[in-house]
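This report refers to the structure that appears directly beneath it.
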Amino acid sequence: MPPSGSYKKFWRYLRGLWAPALLWILFVALLIDAWQSRIQGDDEFGKAALREWIEEARVFRSTLPELVRSYLAVAGSEKDLPELLPLREEIQVQLNSMADPTKILGGQLPLFPAIYRLELEFSLDRNPSLPPIIWESGIPRPRQNRQVSALEHPLPGPGDSRALVRVEYQLHAYNKRQRDEQTATTRLRWVLGLAAVATALAFLWIYLVQRREQERAEKRRKDQLQIDQARRQQEEAERKLLEQRLATQAAEQQALELKSQLYASIGIMAGSYAHNIKNLLVRPNDLLRRCLEENGLTHDQDHMLREVRLTLGTVTKRLQEILQTVRRDPSRSEMTRIDLVAAVDDIYRNWQDLAREKWKLTLTRESGPDPLWIEGDVSHLQQAIENLLFNARDATFEMRNYLREEARHGEKAEARNRRQALISAAAWTGAVILRTIKDGNEAILEVRDNGIGMAEDVRRRCTETHFSTKRNNAIYEGNSTGMGLGLSFVSVILEHHQAKMEIESEPRAGALFRIRFPLVH
């Protein structure tokens, strides 16, 4: 039998009551929580008053915590139990003097709880068998034990359980009666407030039932608008995502073109260098050959000429290695196990004399006693480190020129000060430090100089291809001067060595290039 119309209407209204019922339950829960919080707050207030009484009560010359600390200091020493008796008796007298007024004058202390028992327990490694010190009031206790509360308080300080005082007490009846009256008043206020809220909710529920159908229609209309808006947003997001993908592809294509230009530029430089150096070596080799074929040379002369020819042969071999390196794509590195310390030492030995005599700077080497093994291409790694060394050389040269110009054209400097500044600028010496260290699972190479430094925008862009600040002030002239390929080439090499480069620099404060290589075992 199908349900009647009144039955359906009853269930429809019953389902509509769930929201007011839920709110009513929430208010009741808040009321219970408020009562419990008040009871707990009263209990915490009583405990706080007891703690203040224990800590601050001063009967004679000291408080109870001060006497206990003195007692613990003696008990923790080498002395025996009999020597502690005077201190125990003094603590016992202190307990009696503190607690007796609460027993004798209980009627005159209506706001203080009744104290039934004070027990002072000790826990020491030196004297584990120390008996507790106890004070009993002798006042009859209530028949119901739940009316008696207990408080444990460490006397030496928070977290120190060597001396623990336990207080058994009951709140005074007068104080309790006041709290009960306040609780009843608060309960009445809550009940009246809940009645008012329940009445307001009933009227609100009637209004909501009448407006339900209108709200449902409005909601359907808004939902449809949201669906249409979401569809348009999705189409817009897809369009932007497609544009972003196309932009990313274009950027990747541009990066590949820049790398190709970099490799082509390096190949052009390599061919130019090879042609010039080979032409320069032909004449010295021919003259050396003629000199060695001549008779009448002394032993020392013959030895020196042969040493010169050996050096020129080394230069030629080194040139061929460099040409093979720069003509090879850095992405096709011949990776082997390399000692980073030994590689840096070789570069230091090759350039230290030239740095001192021609570049007018001090080249210093700092390393530990142990090797640092990394995976890398020897020739590529040498080119990268030498590029950093040449950049440091140019930075010191620019710093020297800056100091001279500053001393020569200083506007406010007097003649004597200008002369002294010129002398100081002439005496300034560039310095480059090659340093290798181990940091966890990484081998670190640092190239530090005291040169001209870089501004923040230059530091951020210095590894970009064709970005350079040396077009007008480089130390050497040539086809590659200021082409902006050095640090870009270094970045490509380090990328294929799985290494990371950090750059720290400020204007006229030098620069630090720090490279982190993963260690291999």
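Counting other Cβ atoms within 10 Å, keep those with at most 15, restrict to DSSP loop, and tell me which GluC sites (Glu not before Pro) in the range 349-451 are left.
On the way: sites: E357, E366, E375, E386, E398, E405, E406, E411, E414, E442, E446; in loops: E411, E414.
Sparse-neighbourhood loop GluC sites (Glu not before Pro): E411, E414.
For the range 147-158, take each phi angle, set θ = phi - 60°, evaluate the Karplus expression 6.51 cos²θ - 1.76 cosθ + 1.60, and give the result in whole Hz per residue in order, putting x for glycine and proline.
Rounded to whole hertz, the list is 7, 9, 9, 10, 9, 10, 9, x, 6, x, x, x.
Among F513, F397, what is the fewest-to-most ranking by other Cβ atoms within 10 Å?
F397, F513
Kindly put H303, H521 in sequence by how many other C-beta atoms sit within 10 Å of each C-beta, fewest to most.
Result, fewest neighbours first: H521, H303.
How about the range 343-441: which trypsin sites (Lys or Arg not before Pro) there lie in a loop by DSSP and see at most 16 other Cβ atoms within 10 Å?
K358, K360, K412
Of V492, V432, how do they rank once you tally other Cβ atoms within 10 Å and put the fewest first?
V492, V432
Tell me which residues come under 5 Å, amide H to amide H, from L519 once H is placed; ignore anything under 5 positions away on its chain.
E442, A443
Every number in this text was worked out from the coordinates using simple rules, so none of it is lab data. What you are looking at is a predicted structure, and each value in this text was computed from that prediction instead of being measured. Every residue, glycine among them, receives a Cβ derived from its backbone with ideal geometry; neighbour counts consider all protein chains shown.
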